[in-house]
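The structure appears below as structure tokens.
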Amino acid sequence: MRKRRNPIKVFNSVDSASGYAIRFGQSKSGYWSAVTLATGMCVVGTGSTLGKCRKSIRDGIRYTLEWLKEDGDPIPEPEGHSVPFPY
């Protein structure tokens with residue numbers, strides 16, 4: 001069984017533009033990744049710095065919301081204020 005790689009830094013944040021909760025993690029190599037925590041919407045962003053990762057996830061959220069609107073799909077409610085940190 002492979003060991004799970006734990007990032008060295010993990011924290012939750014709320015995107016100020018959209019209100020969606022985001023989990024950020026930094027790997028041992030220094031790269032950052034982020035994922036939205038909204039039910040019904042999964043957006044991932046990455047970057048060599050935290051700033052680049054934040055831009056990547058913000059752009060991903062913006063594009064995903066545009067696509068959902070264009071397709072007439074429901075827009076998930078931002079849950080940024082009430083998302084617990086499960087691990």
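What follows is calculated from the coordinates using simple rules that are stated; it is not laboratory data. Worth saying up front: this structure is predicted, and the values here are computed from it rather than measured. Counting neighbours? That spans all protein chains shown, and the Cβs are built from the backbone with ideal geometry, glycine included.
Stretching LYS55 away from PHE11 to a fully extended chain increases their span by 14.2 nm, per 0.36 nm per residue minus the current alpha-carbon distance. Taking other residues whose beta carbon is less than 11 angstrom from the beta carbon of MET41, and scoring Lys, Arg as +1 and Asp, Glu as -1, yields -3. Per-residue Cβ neighbour counts within 10 Å put TYR31, TYR63, TYR20 in the sequence TYR63, TYR31, TYR20, beginning with the fewest. Can you tally the net charge around THR64? Count Lys and Arg as +1, Asp and Glu as -1, for every other residue whose Cβ sits under 13 Å from the Cβ of THR64. Charge balance near THR64 sits at -3. In summary, the aspartates and glutamates within cross-link reach of LYS69, defined as a Cα separation below 14 angstrom excluding same-chain residues under 8 places away, comprise GLU77. Across the options LEU65, ASN12, THR36, the greatest Cα extent toward the positive end of the charge dipole of the stretch 9-71 (unit charges at beta carbon of Lys, Arg, Asp, Glu) belongs to ASN12.
Applying 1/(1 + (r/R0)^6) with R0 = 22 Å to the Cβ-Cβ distance of LYS69 and VAL44 gives a FRET efficiency near 0.65. A cut-off of 5 Å between modelled amide H atoms, ignoring neighbours fewer than 5 places along the same chain, links ALA38 with ALA21. When you count the other C-beta atoms within 10 angstrom of each residue and take the mean per peptide, 48-59, 68-79 line up highest first as 48-59, 68-79.
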